[in-house]
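The block underneath contains the structure these notes are about, expressed in structure tokens.
The values are calculated or read from the model by the stated rules, or taken from the named source; none is laboratory data. Since the model is a prediction, treat every value here as computed from it, not as a measurement. When we count neighbours, we look across all protein chains shown, and the Cβ atoms used for this are built from the backbone with ideal geometry, even at glycine. What goes into the accessible areas is simple: the full protein's heavy atoms, side chains included, and nothing from ligands, DNA or RNA. Shrake-Rupley method; radii C 1.70, N 1.55, O 1.52, S 1.80 Å.
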Amino acid sequence: MSGNFDFVGLAPFNVVSIEKDKNPMQLETFKVREMSEYLGQRLQTLGIDPDVTNSWSSEGVPCEVLRSDGRGWQKGKVRFSLEFIPDPPETESEKAEEKLPATAVSPLDDLRTELNLSNE
């Protein structure tokens, strides 16, 4: 995926909070390690050797990749990882809007009203 995102790898003990129906484990929170173990178990139920499954989530599996830049085949390893893509930071006004209820009275409301009346 390309774009203006900073991709941040997650450590095994980082905790992820997610909507339950979007998580294959049907949990609202999980440690990255737990997801890795879950995916490994699912692969094993398909009859994949546990050593191969472990390789996919640890050191990687030897492979070759044909790059689209025309440099031909490149040897390396492929492995599963879970990445976090942070949302862009909120602006100060967005943060303020979240904190104040829509019916909140500002101490500046009287001043705003006075200024608006004098500009008319």
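Taking the Cα centre of the range 46-93 as origin, work out the dipole magnitude from +1 charges on Lys and Arg Cβ and -1 charges on Asp and Glu Cβ, in debye rounded to 20.
Values: 5 positive and 9 negative charges, 93 e Å.
Here the range 46-93 has a charge dipole of around 440 debye.
Could you check the spin-label model distance between Val105 and Ala11? Points 7 Å from the Cα along Cα→Cβ, value in nm.
Once both label points are built, they end up 4.8 nm from each other.
Using the Cα centre of the range 1-85 as origin and beta-carbon charges of +1 (Lys, Arg) and -1 (Asp, Glu), tell me which of Ser55, Leu10, Asn23 is placed farthest towards the positive end of the dipole.
It is Ser55, whose Cα lies furthest towards the positive end.
With every protein chain in place, what's the accessible area of Phe13 (1.4 Å probe, Å², nearest 10)?
For Phe13, the solvent-accessible surface is approximately 130 Å².
Give me the percent of accessible area attributable to carbon and sulfur for the range 32-92, probe 1.4 angstrom. Mind showing how you got there, number by number?
Numbers: 2650 of 4950 Å².
Its accessible area is 53 percent carbon and sulfur atoms.
At a 10 angstrom cut-off on C-beta neighbours, averaged per residue, how do the peptides 83-92, 31-40, 59-68 rank from highest to lowest? It would help to have the intermediate numbers written out before the result.
On the way: 83-92: 9.1, 31-40: 17.0, 59-68: 10.7.
For the peptides 83-92, 31-40, 59-68, the packing ranking is 31-40, 59-68, 83-92.
Given 0.36 nm per residue, what is the gain on full extension from Glu64 to Arg112 after removing their alpha carbon distance, in nm?
Values: separation 48, 0.36 × 48 = 17.28 nm, distance 6.59 nm.
In short, 10.7 nm is gained.
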